[in-house]
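Step one of this worksheet: look at the structure below.
What follows is calculated from the coordinates using simple rules that are stated; it is not laboratory data. The structure presented is a predicted model; accordingly, all values stated were derived computationally and were not measured. Every residue, glycine as well, gets a Cβ built from its backbone with ideal geometry; the counts of neighbours run over all protein chains shown.
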Amino acid sequence: MIDDDTVAQVIAKDQIRDCLARYCRGVDRKDWDLLRSTYHEDAHDDHGAYKGDVNGLIDWIRRGHERVTQSMHFLGASVIEVDGDAAVADTQCVTFQRRLVPPDTTESARADDVPVQMMAISRYADRFERRGGGWRIAARVCILESMTMTPIASPELVPTDQVMAVRSQEDASYRVFASLRNEASRAAEVSG
């Protein structure tokens, strides 16, 4: 028989995995409000080149992503331990980004910038806390395993009938989520 503590652990781990996925979506779509919603206001983040609070982190990511034309995070195995309203997690992540070199500057893009494909293999060592009923990141250390950058020699070949990713809330995925919310609103109006 499954006890209440086991059910609570499963629910907590699912909510933490959802928070991790929302973090990735926030960065990949440049949805800064979504990204902010994954951290507690007093959280601390150590991304190597940036160490500090969540507002500074978002500003740092925003500046760095001015030169990123495509971004996709893939989450792998996540080991999560929950103890009441606190949890820790070690989550694997592979990030692919198309960047204009040099990526670590806040200068405007230049005509002579070289496009590269970057792949970073990392792990997120996180402390999550449940406050006000929701799990969010209280502290994060981004642990880099490896990173490669490969120059892109030829332009992309993209079928003209393909829906392309957009690094904003104009991405097609936002319409999919909105359609479900609209259906739920219509159903509530009909039943109410």
note = Projecting the Cα atoms of PHE128, CYS19, ALA187 onto the charge dipole of the chain, where Lys and Arg contribute +1 and Asp and Glu -1 at Cβ, the residue farthest towards the positive end is ALA187
request  = Scan [x] 260; [y] 179; [z] 114 for the value of volume of the Cα convex hull per residue in Å³ calculated from this model and give just the label.
outcome  = [y]
ask   = With charges only on Cβ, +1 for K and R and -1 for D and E, what is the dipole size of the chain about its Cα centre, in debye, rounded to 20?
value = 480 debye
request  = Using Cα pairs closer than 8 Å and at least 6 residues apart in sequence, work out the relative contact order for segment 4-160, in percent.
outcome  = 21 percent
ask   = Roughly speaking, what is the centre-to-centre gap between segment 113-162 and segment 25-83 when only Cα atoms are used, to the nearest Å?
value = 9 Å
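Once you have the Cα-Cα distance between SER168 and MET119, take 0.36 nm times their residue separation minus that, and quote the gain in nm to one decimal. Don't skip to the answer; put the middle values down first.
Details: separation 49, 0.36 × 49 = 17.64 nm, distance 2.11 nm.
Between SER168 and MET119, full extension yields an extra 15.5 nm.
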key: Dipole axis of segment 4-160 (+1 Lys, Arg; -1 Asp, Glu on Cβ), positive-most option in VAL10, MET149, LEU57   = MET149
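Order the peptides 10-23, 161-174 from the highest to the lowest mean number of other Cβ atoms within 10 Å of their residues. All intermediate terms of the calculation are to be shown ahead of the outcome.
Details: 10-23: 17.0, 161-174: 11.7.
In decreasing order of mean packing, 10-23, 161-174 become 10-23, 161-174.
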query = What percent does the relative contact order of segment 20-69 come to when contacts are Cα pairs within less than 8 Å and at least six residues apart?
reply = 25 percent
Long-range amide H partners of TYR39 with built H, under 5 Å = ILE137
